[in-house]
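Following: one structure in structure tokens, then a few remarks.
The values are calculated or read from the model by the stated rules, or taken from the named source; none is laboratory data. For clarity, every value in this text was computed on a predicted model and none was experimentally measured. Methodologically, a virtual Cβ is constructed for each residue, glycine included, from the backbone with ideal geometry; neighbour enumeration extends over all protein chains shown.
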């Protein structure tokens, strides 16, 4: 005797909706659970992935709400039914199953999960909703914001409870269940009862009826398992590309998100359209890629374990474990993406030589008998699985990647003002393009005299004749010393002292390239003269060192002359750099600010220390 949904007590509107979708024969778990769930009893259902659990709890939920529990107007933030799912993908899949059934009774359905803005979810709650399909994390956030209340929940469903335990969601699930009315109906569907799931059952389910169909450790009868051994990484790449080249839908599982994305790009570049599905994608990207795989736009889905549960796509011919999982339950959940709802499917596991021992243990725990066969991409078993080769699809050119941090063009008001200012500045520079290049150092030009804003002459070192160079006032306790970059005042008595050599004052005219060279020669002759004077004094029995700084002594003249010799060399090098005259008062002011400051007391001390060093050298030589 054939059992249909009508004989199990499913209302006629829902039977018609199922028939329009081509679902007329219930699966074993639906046959076992529907009489109790439609009667309002708490049910614990155990079954492997792909056994039809989603429809097993969706039918009684909609049927009870539509026939008696959903009377009256909807109230904002007070749903009547709650379905908890561990992942966004599973929540989306459940909502896709429940929505057509809910439409038969004019019930509304919304999804609540993280990874997207909550604005749409909040708007749906404020408008009033009957059925909420939610992930625990975002649901608790909205509860904390008092945007949703579970006080009116009549039916609570927990799907994939064991997976929630693996993800660490049980504390949140416990708090959510505690917020629902104690007298409501609760349905829990799980593959196993370990990792704390049994505690949820004992605390929140009242006299539950347990139904177990197709344990997790029991693989589907119509699923064929193949284990292919490859010699190396290159051979594995060729085999993966060959397995993905068929015309049917394929799901390729990788261990990491990076490798999943990389493999999808490589397959697409080789003419096999593929999309990736992993945790690094936003929810819109996940939905877009999964929709492309479901509608046939692409035929290959490269995924991590995030797609091992909750992703239901019809007619998946082949599942390939490119990277074998580390746990046998993960293997069975991955493999459950094919051979669903009584259909047939093949599962291929690729094994490198170093992985053979681990894969053998994995198969033993999963209850699968399969031997490792060494194959290549051209082997006959591979050709049988691939079947007809799909036509080459030319990949679309990739859009150039926008540079991060300044690659774009801002359209803000501040950016527009800056661009306008730059345009005016560039136009002004074009008008003065015939002028010599302006030097930022403030040094005078190579030819002609460069005057500051006050009309005072600039020396070859870039210092002003008065006020800008070294001050002519004597230091306290020392005789005035004048450099080649500053002019001695008229009637200076220090310049006439016997035995002291004062450098000649510079003319007010602009410097030329030959003048620093002449100064170097002059200072060199003065150094020789001072040395000879020191030797003569030593030979006459006089003191080589001066008794104090005020004493006129050729040694002091030697040290200061050596210092001026170095400065003259620096000016000679600078004089070779061409410069231009300041053309505006602003430029002249900036040039004055760039004039070096007069030497400080520390500079004078450094000169005296240099003179002391020269004294030591001369003493040792004499």
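Those residues that are part of a loop (DSSP other than H, G, I, E, B) and surrounded by 19 or more Cβ atoms within 10 Å (Cβ to Cβ), I need them from region 27-49; list them, please.
The answer is 27, 42, 48, 49.
What do you reckon, is residue 115 touching a residue at least 60 places away in the same chain (Cβ under 8 Å), within 28 Å of residue 279 (Cβ to Cβ) and not in a helix (DSSP H, G or I)?
For residue 115, the condition - touching a residue at least 60 places away in the same chain (Cβ under 8 Å), within 28 Å of residue 279 (Cβ to Cβ) and not in a helix (DSSP H, G or I) - is met.
So residue 320 clears everything in (1) in contact with a helix residue (DSSP H, G or I) (Cβ under 9 Å, 6 or more places away or on another chain); (2) within 27 Å of residue 365 (Cα to Cα); (3) without any contact (Cβ under 8 Å) to a residue 60 or more places away in the chain except one condition, right? Which one?
Condition (3) is where residue 320 drops out.
Output the number of residues of region 297-320 satisfying the condition of being modelled with pLDDT of 85 or more and in a loop (DSSP other than H, G, I, E, B). Talk me through it step by step, then tell me what you get.
Of the residues in region 297-320, the ones modelled with pLDDT of 85 or more are 297-304, 316-320.
Now drop any that are not in a loop (DSSP other than H, G, I, E, B), which leaves 297-299, 304.
Total meeting the criteria: 4.
Considering only region 260-286, state which residues are touching a residue at least 40 places away in the same chain (Cβ under 8 Å) and more than 27 Å from residue 388 (Cα to Cα).
Correct list: 282, 283, 284, 286.
Per-residue answers, yes or no, for (1) in contact (Cβ under 8 Å) with a residue 12 or more places away in the chain; (2) outside the structural domain of residue 130 (by TED's automatic domain parsing); (3) out of contact with any helix residue (DSSP H, G or I) (no Cβ under 8 Å at 6 or more places or on another chain); (4) not in a loop (DSSP other than H, G, I, E, B):
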| position | (1), (2), (3), (4) |
| --- | --- |
| 4 | yes, yes, no, no |
| 22 | no, no, yes, no |
| 25 | yes, no, yes, no |
| 51 | yes, no, no, no |
| 56 | yes, no, no, yes |
| 59 | yes, no, no, yes |
| 66 | yes, no, no, yes |
| 94 | yes, no, no, yes |
| 99 | no, no, yes, yes |
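Report every pair of residues separated by at least 6 positions or lying on different chains whose Cβ atoms are under 7 Å apart, first residue within region 159-173 and closer than 13 Å to residue 190 by Cα and not assigned by TED's automatic domain parsing to the domain that holds residue 330, second in a helix (DSSP H, G or I) and at pLDDT below 85.
Going by the 7 Å Cβ cut-off, the qualifying pairs are 161/197; 162/197; 165/197.
From 349, 376, 338, grab the single residue that is in a loop (DSSP other than H, G, I, E, B), touching a residue at least 24 places away in the same chain (Cβ under 8 Å) and more than 26 Å from residue 135 (Cβ to Cβ). First the steps, then the outcome.
Values: 349 fails: in a loop (DSSP other than H, G, I, E, B); 338 fails: more than 26 Å from residue 135 (Cβ to Cβ).
Going through 349, 376, 338 in turn, the sole match is 376.
Looking at (1) exposed (fewer than 15 other Cβ atoms within 10 Å of the Cβ); (2) touching a residue at least 40 places away in the same chain (Cβ under 8 Å); (3) within 26 Å of residue 232 (Cα to Cα), find the lone condition where residue 383 falls short.
The number of the failed condition is (2).
Does any residue of region 287-295 turn out to be surrounded by 22 or more Cβ atoms within 10 Å (Cβ to Cβ), assigned by TED's automatic domain parsing to the domain that holds residue 323, over 14 Å from residue 322 (Cα atoms) and touching a residue at least 12 places away in the same chain (Cβ under 8 Å)? Please lay out each step first, then the result.
From region 287-295, those surrounded by 22 or more Cβ atoms within 10 Å (Cβ to Cβ) are 289, 293; that's our starting set.
The next check asks that each one be assigned by TED's automatic domain parsing to the domain that holds residue 323; those that pass are 289, 293.
From the residues that got through so far, the ones that are over 14 Å from residue 322 (Cα atoms) too are 289, 293.
Now drop any that are not touching a residue at least 12 places away in the same chain (Cβ under 8 Å), which leaves 289, 293.
The answer is yes, given that some residue of region 287-295 is surrounded by 22 or more Cβ atoms within 10 Å (Cβ to Cβ), assigned by TED's automatic domain parsing to the domain that holds residue 323, over 14 Å from residue 322 (Cα atoms) and touching a residue at least 12 places away in the same chain (Cβ under 8 Å).
Hey, does region 333-348 have a residue that's over 16 Å from residue 249 (Cα atoms) and at pLDDT 85 or above?
no
With the requirement that a residue be surrounded by fewer than 23 Cβ atoms within 10 Å (Cβ to Cβ) and either not assigned by TED's automatic domain parsing to the domain that holds residue 100 or not in a loop (DSSP other than H, G, I, E, B) (or both), what does region 135-155 give you? Explain how you work it out, then say what you get.
Restricting attention to region 135-155, the residues satisfying the condition of being surrounded by fewer than 23 Cβ atoms within 10 Å (Cβ to Cβ) are 137-138, 140-147, 149-154.
Scanning region 135-155 gives 137, 138, 140, 141, 142, 143, 144.
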